[in-house]
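Take a look at the structure set out below.
Nothing in this text is a laboratory measurement; each read-out follows from the coordinates by a stated rule. Owing to the predicted nature of the structure, the values given are computational and were not obtained by experimental measurement. We place every Cβ from the backbone using ideal geometry, glycine too, and count neighbours over all the protein chains shown.
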Amino acid sequence: MTAAAWNAERARAIIDSHRSLRGALLPMLHALQEEFGYVDADAAPLLADSLNLSKAEVHGVITFYHEFRQSHPGRHVVRVCVAEACQARGSDKLVDHLKSKLGIDLGETRADGEFTLEAVYCLGNCALGPSALVDDQLMGRLTPARIDGALA
Amino acid sequence: MSLRCQDFGTPAKQGAASITVTIDGRAVSVPEGTSVMRAAAEAGIMIPKLCASDHLEPFGSCRLCLVEIDGRKGTPASCTTPVAEGMKVCTNNPRLSALRKGVMELYISDHPLDCLTCPANGNCELQDMAGAVGLREVRYGFAGENHLTETKDTSNPYFQYDPAKCIVCSRCVRACAEVQGTFALNVSGRGFASRITPGPSLDFMGSECVSCGACVQACPTATLIEKSVARLGQPEHVVETTCAYCGVGCSFRAEMQGDNVVRMVPSKDGGANAGHSCVKGRFAWGYASHKDRKTKPMIRESITDPWREVGWDEAIAYTAAKFREVQDRHGPRSIGGITSSRCTNEEIYAVQKMIRAGFGNNNVDTCARVCHSPTGYGLKQTYGTSAGTQDFKSVDKSDVIIVMGANPTAGHPVFASRLKRRVRQGAKLVVIDPRSIDLVKGPHVAAQHHLQLKPGTNVAMINALAHVVVTEGLVNQDFVRERCDLINFQQWADFVAEDRNSPETLEAETGVSAQSVRQVARLYATGGNAAIYYGLGVTEHSQGSTTVMGIANLAMATGNVGREGVGVNPLRGQNNVQGSCDMGSFPHEFSGYREVKDDSVRALFEVMWGRELDAEPGLRIPNMFDQALHGSYKGMFVHGEDIAQSDPNTNHVTAALEALDFLVVQDLFLNETAAYAHVFLPGTSFLEKDGTFTNAERRINRVRPAMAPRSGMHEWQVVAAIATAMGYPMHWNNGAEIMAEIAKVTPTFKGVSFERLDAEGSLQWPVTDAAPHGTPIMHVDGFVRGKGNFVLTEFVPTTEQTSRFFPLILTTGRILSQYNVGAQTRRTDNVAWHPEDVLEIHPFDAENRGIGDGDMVSLASRMGATTLRAEITERVPQGVVYTTFHHPVTGANVVTTDNSDWATNCPEYKVTAVQVAIANAVQTLVAE
């Protein structure tokens, strides 16, 4: 996953291109994250200005959704499902494996910027758990070995 | 007056009490749409609640107010459930009780148990609810994950935010949105991590917060609480009074410990503010006990001598003798005075009476001269009354709102909140102003049109709008035929229809596209109830009176006068500027705007006052200065006004003051004017006064003393004593007696008395036999003058024009946290927001001059020069610079000119040709 560096001009253009949508804030936030990999703190005033919202309101929305990141993620993002069905299929073990393999906790990014590890709650793939998203690629029936392969 | 006000849980609904429900066996009838919670409260049953409050829309989050309703499943929240005919509600039984207790246990399991040392102790809704539900234990214990270690935000000078005590009921968030309309607060995170946040900055001072205090008032715990309460503890008694800042005239509860103010809280039933406030009224009252305050009379022979403290007797005798001495030497008309629009009607009435009857001339004027005198003149000429036509509530019914030359979010913030609420409900907003004020665009508010005209072209703009109304057939013919003088109307219609008044022709003058002018004119004439609100950006011009009359013409032509939602609405500046005009502060008028030249009027006052009165109108403020320099005006009484800072062309003013033989200043502080005074008489703050203020909607509000005068004497007592010592006995025992005299001599105040004001809360004049409860909306059945009078409004450009040496136009204004010359607000923590005046300049103009953001720049006009810091912003258009005049060190009025309104001499503060340069560079430029 390669993201562009934060650029206010570019952010403004992205925001403008979504202005005509109804309930434009969420599509804008998705588009910004798509472009930059996260939602920069400097985006809140731009969004507020564009949509006649307060900065506090925009901040409230950004922080409400775990999906929106407030800092740059690693080059690879691993999101492991830890909801009930995957837990029953052993996702805990998978998480432990990834923590020790990557040397980071859930919600953290490795110092070298290679990996970000996150928990998600259900990917809609319950029949095939445990599941994870590796750089937006959905993987099921994961084992430590299979995920090592995906990260190799 | 009780310390706690009853909270009905949800707002009252309008309409007849047509729905009858039975709550715990008690029948109660309420209007449709009323919540079960409110119906219960009206029946005397208080359902436990935390997230509900009757100034906020119901939210249904705290789950304490659950009830059972016959025939319905579950336990709905009573705050979000509207009543239905025949509904049977049970508010308390073992099941509900257990549910509530369970909810409270959860709240308390994550709440510090420090009630005894908590600032809210004794006034905490969480504590009350724990008591109400009978909480005796918390089964979950206190060891689990919690928020108790979160850090306090003390960045705001007046209140603190302690998230450890927060129950995330969102009352603060909703108050900021619904009541104040700033939306500076929100909930960040979700679930257990939910937290109230002032936005991405995470601290209140760095956020969009305007410190109005609505969130603090809404908080049911000590999470958001006044630092004064945290410091002093809970108040023990309350004095209901009126704010002394702007013309909105908010009612406040001064919550007291002995004669110490603990806090000021806006009154829910305040006629003007309905429970809301701004940072000035709510928090900036500390000046009343500031160490700079003078409480002893002082005299000196010469203005170069040091002040000498004296007793009241000596000060009064000295003042009286000196005034008489000046009159003996230079004639009876050689002295005069200025009344203060900051003081009560009773004090103002006393001062003008002292001048007219005691001094024996009509040399009395007031600071309204320099702000809204064109309003008084213009509206009297057209409608017959020198006042706005509406009450503030009227805006709730407006469909189109034009704000012209006013910046309500800074100058009249509590009214601005009301206006913004109406805009959020769908009313269309038009801003006519050279600057992009906050109303042009902000959270949940946007002007449909912003006509960004060049300063000084208001009349051209109004004429262009009128041109469209007349030539496009948008005149309300029925209204004009029934209510207006038809001959004058036809003359006016022919005049504005001329091509030279078309938006296309005037485009070059105003700088506004003809197309947008046409759109605004059509919107105003056909968009439903249309109201115009205006401020000093209209009046403080060489054609201020003309613009006021132009606005009045436009409202008549479109039938936008005489009912709710419409009208001509001056947003008056000072707390009692309406009152000072009403009380006979102008040199040509007695109280109630009756001419001194009129023999029958004068005869009435001569009988009442037992003294022959001068038939000749006296001097206006600018004439006083001119005559002082000329040598024929030698003595002056300045009542609570800092003319050396507030009046234009400071150098001219101070030269005039210096030329006086004898100057008396009555004020709280040794202000800039006092530097030229021979006698200083200590005044009283609004917390000490006993009287009335009249706000911009003609509402007479009571000002009640929360403490005794610190100087030992009321201002009117001092004035009466001076008059008496001068040989004209004036005596009253209290403020009520003065109002009784005012009511006797002023037809529009006939039914006003302290007794009635205390009983009814407030009254809007005229209060007459025909309108015993006052007059919220004027000219309902016809204009006060009879037929509405259209006045021709020829556009005459100001003589203050830009040139090669002075290529920019300076316009002046105010900001939210400071008030006028800042004598009060500078002596409070409000300086945290505005430590100095800055010069707003457009990036293009700044770049041309090599000016960077924050640079010190010189600002020079043909009159004088001053230095201040530049702020580069697109709020001002190219060619226009803007500053405030809150700090004496800036001396913004050193540069303003002697130009003034042709009819009233109101100074042209809003247009001064200037040059701006990096500091030290400007002298060379001017010298070239």
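Using a cutoff of 8 angstrom between alpha carbon atoms and counting only pairs six or more residues apart, the relative contact order for region A:1-139 works out to 22 percent. When +1 charges are put on Lys and Arg Cβ atoms and -1 charges on Asp and Glu Cβ atoms, the dipole computed for region B:808-927 relative to its Cα centre reaches about 260 debye. With a simple spin-label model that places each label point 7 Å from the Cα along the Cα-to-Cβ direction, the separation between residue B:73 and residue B:441 comes to 4.9 nm. Placing R0 at 22 angstrom, the Cβ-Cβ distance between residue B:92 and residue B:57 gives a FRET efficiency of 0.30 after rounding to 0.05.
So which of A:55/B:152; B:296/B:910; B:152/B:428 end up more than 31 Å apart by C-alpha? Cα-Cα > 31 Å for B:296/B:910; B:152/B:428; rest within.
Sequentially through region B:606-620, phi angles give Karplus couplings (6.51, -1.76, 1.60; θ = phi - 60°) of 5, 5, 4, 9, x, 7, 6, 10, 5, 8, 8, x, x, 7, 7 Hz, Gly and Pro residues having no value and appearing as x. Which residues make up the longest stretch of chain A clear of GluC sites (Glu not before Pro) that lie in a DSSP loop with no more than 15 other Cβ atoms within 10 Å, not counting the sites? Looking at chain A, A:1-66 is the longest stretch - no exposed GluC sites (Glu not before Pro) with at most 15 other Cβ atoms within 10 Å. With a Förster radius of 22 Å applied to the beta-carbon distance between residue A:21 and residue B:516, the computed FRET efficiency rounds to 0.25. Only alpha carbons enter this Debye calculation for region B:388-529, each as an equal point scatterer, and the log10 of I(q)/I(0) it gives at q = 0.08, 0.14, 0.15 Å⁻¹ is -0.23, -0.71, -0.81. Each Cα pair under 8 Å and six or more residues apart adds its sequence gap; the mean of these over the residue count of chain B is a relative contact order of 13 percent. A straight line joining the Cα centroids of region B:30-69 and region B:611-657 runs 59 Å. Between residue A:5 and residue A:106, the modelled label-to-label distance comes to 3.4 nm, taking each label 7 Å out from Cα in the direction of the beta carbon. Would you mind telling me the antiparallel percentage of the DSSP bridges in chain A, rounded to 5? Once the DSSP bridges in chain A are tallied, antiparallel ones form about 55 percent.
Counting only Cβ charges, +1 for Lys and Arg and -1 for Asp and Glu, the dipole size of the protein assembly as shown around its Cα centre is about 2080 debye.
Between the residues B:495, B:83, B:471, the greatest Cα displacement towards the positive end of the dipole of the protein assembly as shown, with unit charges on the Cβ of Lys, Arg, Asp and Glu, is found for B:83. Note that region B:538-547 has calculated 3J(HN,Hα) couplings of 9, 7, 7, 9, 5, 10, x, 4, 5, 5 Hz, one per residue in order, obtained from phi through the Karplus relation 6.51 cos²θ - 1.76 cosθ + 1.60 (θ = phi - 60°); glycine and proline are x.
Here is how the number arises for chain B: DSSP H runs of 4 or more residues each give -39500 (n - 2.57), the sum is divided by the residue count, and the result at 222 nm is -8000 deg cm²/dmol. If the chain linking residue B:205 and residue B:109 were pulled fully straight, counting 0.36 nm for each residue of separation and taking away their Cα-Cα distance, it would gain 31.5 nm.
Could you pull out which residues in region A:137-152 have an amide N less than 15 Å from a spot 7 Å beyond the Cα of residue A:127, following the Cα-Cβ vector? Zone members listed by number: A:140-141.
Treat region B:308-392 as a sphere of radius equal to its Kirkwood radius over Cα pairs and apply Stokes-Einstein at 10 °C in a medium of 1.306 mPa s; give the translational diffusion coefficient in µm²/s, rounded to a whole number.
Approximately 104 µm²/s, per Stokes-Einstein.
Note on chain A: helix-only mean residue ellipticity at 222 nm, from DSSP H runs of 4+ residues weighted -39500 (n - 2.57) and normalised by residue number, equals -12500 deg cm²/dmol.
So which chymotrypsin sites (Phe, Trp or Tyr not before Pro) in region B:577-675 end up in coil per DSSP with only 13 or fewer other C-beta atoms within 10 Å?
Here no loop site has a sparse enough neighbourhood.
State, as an integer percentage, the relative contact order of region A:8-64 based on alpha-carbon contacts under 8 Å between residues 6 or more apart. The normalised contact order for region A:8-64 reaches 31 percent.
Taken along the Cα-to-beta-carbon direction at a fixed 7 Å, the label points for residue B:803 and residue B:626 span 2.2 nm. Rounded to whole numbers, the Karplus 3J(HN,Hα) couplings from phi for region B:349-354 are 4, 5, 5, 5, 5, 4 Hz, using 6.51 cos²θ - 1.76 cosθ + 1.60 with θ = phi - 60°, and x at Gly and Pro. In terms of surrounding Cβ atoms within a 10 Å radius of their Cβ, B:227, A:55, B:291 rank from fewest to most as B:291, B:227, A:55. Charged side chains reduced to their Cβ positions (Lys and Arg at +1, Asp and Glu at -1) give region A:76-151 a dipole of some 300 debye around its Cα centre.
Mark the label point 7 Å from the Cα of residue B:491 along Cα→Cβ and return the residues of region B:553-567 whose backbone N is within less than 15 Å of it. Counting backbone N atoms under 15 Å from the label point, the list is B:553. When the Cα gyration tensor is reduced to axis lengths a ≥ b ≥ c, the ratio a/c is 1.5 or higher for chain A, and with a/b above b/c it is classed as prolate.
Between residue B:760 and residue B:675, the contour length at 0.36 nm per residue exceeds the alpha carbon distance by 26.3 nm. Take the Cβ atoms of residue B:12 and residue B:192, set R0 to 30 Å, and the FRET efficiency comes out at 0.25.
Along the axis of the charge dipole computed for region B:242-380 (Cβ charges of +1 for Lys and Arg, -1 for Asp and Glu, origin at the Cα centre), the listed residues B:373, B:327, B:358 are led at the positive end by B:373.
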